[in-house]
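Chemist: To start, I am sharing the structure in question, which I have written as structure tokens.
Coordinate-derived values only; no laboratory data. Everything quoted here is computed from the prediction, not taken from an experiment. Neighbour counts run over all protein chains shown; Cβ positions are idealised from the backbone, glycine included.
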Amino acid sequence: MGEFEVHRVRFFGLVPAGVRCMAYQHNGRRLALARTDGAVEVYNFAANYYMEKVSGGRERGGQGWRLFGAGLSGDITEYDLERLRPARAVDGFGGPIWSMAANNDGTRLAIGCEDGSVKLFQVVPGGGVQFEKNLDRQKGRVLCLSWHPSGTHLAAGSIDFIRVLDVHSGRTAQRIMVNCHVPKSKKRECVVWSIAFLSSGTVISSDSFGRVQFWDWERGTLQDSHTVSSSAALSLAVSEKEDSIVVGTSAGATYQFQLLPVKAGGQEKRWVRTKPFQHHTHDVRAVVHTPTALISGGLDAQLVIRPLMEKVQKKGYDAALRKFTLPHRRLVSCARKARLLLFQFSQHLELWRLGSTNKTGKDGETLPLSRMPEHLLQLKSKGPEHIYCSCVSPCGSWIAYSTASRFHLYRVQHEGDSISVKKVPGVPKLLLPAYQLLCASDSGRLFIASDRGSVHVVQLLEPGGCKHLHTLRPPAGTREAVYLLASSADGNWLAAVSGDWEVHVYSLKHFKHHCTVPTYSCAVTALAIHPTTNNLFISYSDQQLFEFSIPEKQYTAWSRAVQNSGLHKLWLERDSPITHIAFNPKNTSQVLLHDVYMLCVLDKSLPLPDDSAVLVNQSTLKQLSEPARRRQLHAFKICKKFQVGSPLLFADLLDERCLVTVERPALDISAQLPPPVQQKKFGT
Amino acid sequence: MAALCEAFTLCGLGPAGGVGLGSGLLALEPGADPDHVLLTDRGRTTTLFKVSDQKPLGCWSVKHGQIITCPVVCNFETHEYIAVHDNKVLRIWKDEDVNLDKVFKATLSAEVYRIHSLPHAEPLVLFKGGGVRTLDVLLEAPQQEIENVISDEVIKWSEAFLESRQPVLIFVTEKDGDFFVYVQKPKMRSLHKYKLEQQELCNPLSFTAYIKKQIITLLCLYSSDSVYKVLIPLQQSSEEEEQTSSKSLLLNLSISGSVLKGTSFVVLDKDHVAVLGSLAASGEESKECLTIWNTKFQTLQASKELPLGTSGQLWCYGEKFFFTHGKVLTVVIYKCETSSLAAAVGKLKDSQTSDLSSFVNWNTLGDEELLVSLQSQQSVALKSESKMTLRSKKSAVANIQPDTSTVGQFLLSIKDASTAAVEDQLRQLLSKAQMPDFQATIGCIISALINRCKTDPKFYPRNFLVQMIQKGELSYSLCPDLMAVALEKKDVHLLQICLQRFPDIPEEITYACLKVFLSISDDYLERTDVNLESVISYIDIEPNNKEVKTEVVENGFNTELEEDGCDVTGMKETHMMDSVEFCPVGPQKAALLNAVLHSAYSETFLLPHLKDLPAQQAVLFLRYLHYLYVKCSEKINTTLPGILSPTISQIMDWMCLLLDAHFTVMVMLPEAKGLLSSMHRFVRAQVRLYSELNKIEGSLQELQRIKCQKHSQAYSIEVLELI
């Protein structure tokens, strides 16, 4: 097919924030995850663990569903999952909130505060929370809370002790000293990091001594104690059936405990430590026990989903270990003509110019650089808000970004080697918030994805101005925000995907809704409109690929052929979604796709591989003779140069012979993380 | 182990068939089915038996007055039966025929000796005159002229084989006490005649033969109670009229004083024969019995007494013996497994691989043995090819005795003949080279020669010994005294060859050699014939070449420039430098010492002997080792050029060994001081060099690492080809 000049970029210094806490909602099979930088992400397990929603947060988060967050600011915040932003906030009046727990039916919310108080809030059905009452206050911050499943009692963990509170009377029903049997001379502060209240009346605590302890709350006696780690046991989660718990430690290990009969078939059961896992390098700050999997999140920014094999019925997508470090969103935008890359960090943007070479070479060769890549610009966002989305125009002269509450547009002027940036004044105020920004290929228009399915079209004016042209809305209306956009090269069409996974196509000539792509029951992960044929190429989180002809308002013949023959088994079993689609401007049949682990050029003119064919066959093909090659060729040309050690964040075609890839070597990420808890290694 | 199992009676016999020689049956032949046998009596009847059911399936007789003269056989192809009555009348019939008078009949022009039926081949008809026809050829023209091959000899025995789809007929004739073997290939129209070597005072009684790998093995049971083996190659190129084929003793039928007078025998497998005969112990009445013998170990493996007497005939088909016992035809089932010494001591391995390094591999004896002994009967030219085989089997079988008549005579003659006469005889013997086991024979001869040498100081067939050792088929253990004698005679050339060739020299002898080599003066050695191959390429043999080199630069290090704190005077130093530069021993001595360095040894056993080495000799040897070490280090690959030159590790090992053995002596000895300090200096320089190399290696490794790291730099433009 040909040779590409690949610009391998590894200088995007993104460090994903550590996982602070998680909440799992069983019915919707969704996981809410709060990171240490305050970002909240929602993963949809039904859609192949696709990270469907991200909300730029502020500081520390808490949990619940409706999603509530609480943090050191002392506020309880409810998140609007449709508009993907904090909706309402209520002050807890207890100082920083260290813990939050909702009761089983989701009507009450308890918070544990810095001042030692536990406060109850009622969840108002319409939205928001209302203060109900204060429970008995004792000195010492309340670090963890757990409701008894019946909702009558609350267990609260503090430093050195656990309290059980009667919800009705508000009194402390039991106070358990966690380290009373430790001699006074050796006494250290023991922090109860996590607590769980079982319906049998057992309170399980994990503490900074690395112990997991089982208490009888009524008698206040210790039933069982397991030391899992020499460092702290930080997090704890119980399965719904209360027969299994998962504990995360600050050494990066997670342990499963199971309630097992002492003798086979006997009545007496004990908690037994069964499975250790070591997937993290740093503190495991949050664990979740779903019916089929243990989920852990750590300060190393990894989300690990470890299926419990005995609970998984068949080999499938759910039966594999999943690790997520990088977001499923596009953090890089590329100015193809100007050969610029815009990197989006949580608080700033970086603009880089790619290097160049004047040599050519053979496959696998590294070419000498005639010009080094250049860091042109760093744009810092003001205020605490995270940058939510950003884009650079293809000509490289416009940069736009948006935070939760503000939208910024900059005009970049290149004069020889020097560069100047000017903020565009008078940005229309009605546009917010923005979830995705896209510049038209002629750099004349900017599309801003917004809530309720709307897309704003803004005209970019020389030398530095803008004008709001129109707001496109789906005809039926929707409550979900638009999260992906694609525009055609001729400037006639715009496709927008909203949170309910509907793909709407608008005509930009008439600012009119053109058609809707037939709904598919999975999240759209990427889409793009072909520059010459105006076919809309869509990839879904279940790894399906569709091609939809916009002028004809129907799936193309190729797409139907793909659906008839089915994609290769290995293609469907890949575990990260396609996050970007690009086309070869010179060859209409070639489509560039990429996920975290591979780069694929899809040649639609070639036959599709069947399950017996080797999917990743590039290295084999290279050894074959020309006629033998022709027999082995198939549509998927996969390059796996970007292996697990160096995940691929972004890939794009600059022109028909030039590719750019942005990699983030995992080693570089871990090098930037704080050192983990000191571990004794043999021989050191 | 072979064993005789159950016995049962197949049928009763009439008055004609019975006990005693000359009576009994005419023959027993296999039928079409493996379980069937065809019994032909000496009268006019033939009967087909099913052996497992012990019952007759059919019985045919010729008319009164006629007599069946040739065993009835079954044509395996057509399932027809063929009989000859009254010597010339051929009858062919099938199972369903009842009356022999009505079946196919052909009258031949000559008298038939036997018909041999072979599976997948046309039956062969052997006429009494030695002519052979296949049945189909004969039936085309029954009255055809049959040539007379043998003049007035009488066919005693015949057998037919199929070798590579060609029928081969062998028969033995007798005339006036001489026995001749004829091998005929009817298809090839070839006929070979051999004369069986005569044995005094005894005659062959019975014959049997088998064919394997184009070689017919003819076994003859002699009246001297022995079984002899005669090998007859099938592919005989020469069309000589008559060849004498030598025989070798395979088996002596004697058990602890008692002797088995065999009457007939069969071959069971390559190691086992069954002999029917009467066992006669001295002074006791002889008993007839059936015995199975192992030829490999010369042992009787099973025997069964037959008190009712036999007719002296024995047949064997399909793991069953058939013989007449009293008035019945008895069947005895036997088992026969391959026997080996390994099996006997319970160490039998599955693999039959022959290991060339080991001298005796009991497992691989057998087939090869046959081949080898045959090859040794053939021309000497063949022998070089079979050398490896011979080597692997050397001293394999003590039981196979060399041709006693010639070798035995020779061994006797060794005891008194003159050196020249012995060497002459030896040459003759070797050129003849018809010994069945060359290795063992040579071992015997050399032992005998050495014995003569010991008793007769003047006797020393040096040339022959050198020649023999150079053939590379001897080992120390085969002729233990050889080296001792050579040491005594100070035959350094022989010792050198021994050290190079023998794999199993004891450390004591190695040490003795070393001592002798060191003690002999170079002047004496110059006059002796020593193989200089190992030194020729690094020692300047011409003395006037010595001035060519002026400075020694080892591995780029000039030892003279090394500053050192040793209190050695400058005089000595230069002297020592010279000694490093020039070989401290003559080339002859060096070659001999190299042979010592090359021989295998075990430190533990060598060290005690090495301690006895006189100090002066130890120093000399050390000097030579030092010289070699320096020479080695000159080359980047630290090897000396030349064939059989010592390796650096051998040199180092001997150096350490010598220093270990003579540590105190070396320290005390004033003349060793210079040598030691020179060695020390050199070793130190080497150590320094290697530590420098270490550093370079480290830097290079770092470079490699950096190169790898370069790969993971922050930005690169690479070429990617997608196909």
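Chemist: Say each of B:C656 and A:L260 gets a label point 7 Å from the Cα, pointing the same way as Cα to Cβ; how far apart are those two points in nm?
Modeler: The two pseudo-label positions are separated by 5.4 nm.
Chemist: Step by step: find N for the stretch B:418-489, compute 2.2 N^0.38 Å, then divide the Cα radius of gyration by it. What's the final number?
Modeler: 1.04
Chemist: Sequence-distant or interchain residues sharing an amide H contact under 5 Å with A:A70, placed H: which?
Modeler: Residues meeting the criterion, in which the H sits 1.01 Å from N, are A:G62, A:Q63, A:T77.
Chemist: Put +1 on the Cβ of every Lys and Arg and -1 on every Asp and Glu Cβ in the stretch B:626-705; which of B:T639, B:L675, B:H662 then has its Cα farthest towards the positive end of the dipole?
Modeler: Checked the options; the winner is B:L675.
Chemist: Now a separate question. Nothing charged except the Cβ atoms of Lys and Arg (+1) and of Asp and Glu (-1): what's the magnitude of the dipole of the protein assembly as shown about its Cα centre? Round to the nearest 20 debye. Don't skip to the end; give the middle numbers.
Modeler: On the way: 150 positive and 149 negative charges, 1503 e Å.
It comes to approximately 7220 debye.
Chemist: Compute the Kirkwood hydrodynamic radius of the stretch A:19-324, taking the inverse of the mean of 1/r over all pairs of distinct Cα atoms, and give it in Å to one decimal.
Modeler: Radius from the Kirkwood sum: 19.5 Å.
Chemist: Could you tell me how far the Cα centroid of the stretch B:624-681 sits from the Cα centroid of the stretch B:27-57, in Å?
Modeler: Rounded to whole Å, the Cα centres lie 83 Å apart.
Chemist: Let me ask another. As an exercise, identify the trypsin sites (Lys or Arg not before Pro) in the stretch B:78-114 lying in DSSP coil whose Cβ has no more than 13 other Cβ atoms within 10 Å.
Modeler: Numbers: sites: B:K88, B:R91, B:K94, B:K102, B:K105, B:R114; in loops: B:K88, B:K94.
The qualifying sites are B:K94.
Chemist: How about the stretch A:148-248: which GluC sites (Glu not before Pro) there lie in a loop by DSSP and see at most 13 other Cβ atoms within 10 Å?
Modeler: Loop-located and lightly packed - A:E189, A:E218, A:E240.
Chemist: Is the stretch B:13-149 rounded, prolate or oblate when judged by the Cα gyration tensor, a ≥ b ≥ c being the square roots of its eigenvalues, rounded requiring a/c under 1.5 and prolate requiring a/b larger than b/c?
Modeler: Prolate shape, in that a/c is at least 1.5 and a/b is the bigger ratio.
Chemist: Now for a separate question. Any idea what log10 I(q)/I(0) is at q = 0.17, 0.22, 0.27 Å⁻¹ for the stretch B:473-533, Debye with uniform C-alpha scatterers and no solvent?
Modeler: The computed values of log10 I(q)/I(0) come out as -0.54, -0.88, -1.25.
Chemist: Moving to a separate point now. Per-residue mean of other chain beta-carbon atoms within 10 angstrom of the beta-carbon, peptide A:547-553?
Modeler: For peptide A:547-553, the averaged partner shielding equals 0.
Chemist: Let me spell out the model: positive unit charges on the Cβ of Lys and Arg, negative unit charges on the Cβ of Asp and Glu, origin at the Cα centre of chain A. What dipole size does that give, in debye rounded to 20? The partial results should precede the final answer.
Modeler: On the way: 81 positive and 60 negative charges, 138 e Å.
Using only the charged Cβ atoms, the result is roughly 660 debye.
Chemist: B:L669 to B:K695: extension gain in nm, 0.36 nm per residue of separation minus the Cα-Cα distance?
Modeler: Roughly 5.6 nm would be gained on extension.
Chemist: List, in the order given, every pair from A:K604/A:K640; A:K359/A:K640; B:K55/B:K261 whose Cα-Cα distance in the structure shown is over 26 Å.
Modeler: B:K55/B:K261
Chemist: Determine the dipole magnitude for the stretch B:418-489: charges of +1 sit on the beta-carbon of Lys and Arg, -1 on that of Asp and Glu, nothing else is charged, the reference point is the Cα centre, and the result goes in debye to the nearest 20.
Modeler: That gives the stretch B:418-489 a dipole magnitude of about 140 debye.
Chemist: Along the charge dipole of the protein assembly as shown, pointing to its positive end and built from +1/-1 on Cβ of Lys, Arg, Asp and Glu, which listed residue (A:C658, A:L592, A:S381) has its Cα farthest out?
Modeler: A:S381
Chemist: Cross-chain or 8 or more residues apart, Cα under 23 Å: how many lysine pairs in the stretch B:418-489 fit that? Count them up, please.
Modeler: 4
Chemist: Moving to a separate point now. Determine Rg/Rh for the stretch A:352-455; Rg is computed over alpha-carbon atoms and Rh is the Kirkwood hydrodynamic estimate from the same atoms.
Modeler: Radius of gyration relative to Kirkwood radius: 1.08.
Chemist: What does the structure give for A:6-16 when I average, per residue, the other chain Cβ atoms found within 10 Å of the residue Cβ?
Modeler: Other-chain Cβ atoms within 10 Å of each residue's Cβ, averaged: 3.
Chemist: I've got another one for you. Please give me, ordered by residue number, the trypsin sites (Lys or Arg not before Pro) of the stretch A:361-447 that lie in loop per DSSP and have at most 14 other Cβ atoms within 10 Å.
Modeler: For trypsin sites (Lys or Arg not before Pro) across the stretch A:361-447 that sit outside H, G, I, E and B with at most 14 neighbouring Cβ atoms in 10 Å, the list reads A:K362, A:K382, A:K429.
Chemist: What is the mean projected area of the alpha carbon convex hull for the protein assembly as shown, to one decimal in square nanometres?
Modeler: That works out to 88.4 nm².
Chemist: Among B:W293, B:F410, A:V392, pick out the residue whose Cα is farthest towards the positive end of the charge dipole of the protein assembly as shown, where Lys and Arg carry +1 and Asp and Glu carry -1 on C-beta, about the Cα centre.
Modeler: A:V392
Chemist: Report, by chain and number, residues whose modeled amide H sits under 5 Å from the one on A:Q436, excluding near sequence neighbours (fewer than 5 apart, same chain).
Modeler: A:A449
Chemist: What FRET efficiency would be calculated for the residue pair B:S254, B:E6, taking the C-beta separation as r and a Förster radius of 30 Å, to the nearest 0.05?
Modeler: Calculated transfer efficiency: 0.60.
Chemist: If you average the alpha carbon positions of the stretch A:217-232 and of the stretch A:294-357, how far apart do those two centres end up, in angstrom?
Modeler: With the stretch A:217-232 and the stretch A:294-357 each reduced to a Cα centre, they are spaced 37 Å.
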